[in-house]
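The values are calculated or read from the model by the stated rules, or taken from the named source; none is laboratory data. Everything numeric here is computed off the predicted structure, so don't read it as measured data. As a convention, Cβ positions derive from the backbone with ideal geometry for all residues, glycine included, and neighbour counts pool all protein chains shown.
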Ligand SMILES: [Zn+2]
């Protein structure tokens, strides 16, 4: 059986395509922006006069060029962008996980400490009050002696 060799994600053709996109994308973007700018300035330069802004149609050419240029640039840089975002996200999520673990650790420790204290207090015998008459060790909250029934002085 053939061993599963890890294939390179980017084929040479893919890289050529991307390089072309990286050059063509910004170029188209610049041409488009130049067209829109020319149309814009032409429009305002001839706004007051009777002259028709003939270069205005360049704007309609420029806007799709900007759009296509943006898409091509995106395609050219998408891999790098995705990798960058992935690494950024990974470090951020790691930080969040660490932060949450630390925070949770703190609260868990607080709860555990409180529970332990409660259990310890529960296990500890309450301070006893011996009866003045018979000497029976009564609990602190008792109102009457457990041994002779004598009323105990309120604490
Ligand atoms: Zn007693």
query: Looking at region 118-128, is at least one residue at negative phi, touching a strand residue (DSSP E or B) at 6+ places or on another chain (Cβ under 8 Å) and either in a helix (DSSP H, G or I) or within 16 Å of the ligand (Cβ to nearest atom) (or both)?
result: yes
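Got a sec? Which of 154, 91 is exposed (fewer than 11 other Cβ atoms within 10 Å of the Cβ), within 16 Å of the ligand (Cβ to nearest atom) and either at pLDDT below 75 or not in a helix (DSSP H, G or I) (or both)?
Values: 91 fails: within 16 Å of the ligand (Cβ to nearest atom).
Result: 154 is the single residue among 154, 91 that is exposed (fewer than 11 other Cβ atoms within 10 Å of the Cβ), within 16 Å of the ligand (Cβ to nearest atom) and either at pLDDT below 75 or not in a helix (DSSP H, G or I) (or both).
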query: Which numbered condition trips up residue 74, out of (1) at pLDDT 80 or above; (2) surrounded by 13 or more Cβ atoms within 10 Å (Cβ to Cβ); (3) within 30 Å of residue 18 (Cα to Cα)?
result: (2)
Boolean, residue 41 is modelled with pLDDT of 75 or more and out of contact with any helix residue (DSSP H, G or I) (no Cβ under 8 Å at 6 or more places or on another chain): yes
task: Identify the residue in region 130-145 that is touching a strand residue (DSSP E or B) at 6+ places or on another chain (Cβ under 8 Å) and in contact (Cβ under 8 Å) with a residue 12 or more places away in the chain and, among all such residues, is farthest from the ligand (Cβ to nearest atom).
output: 140
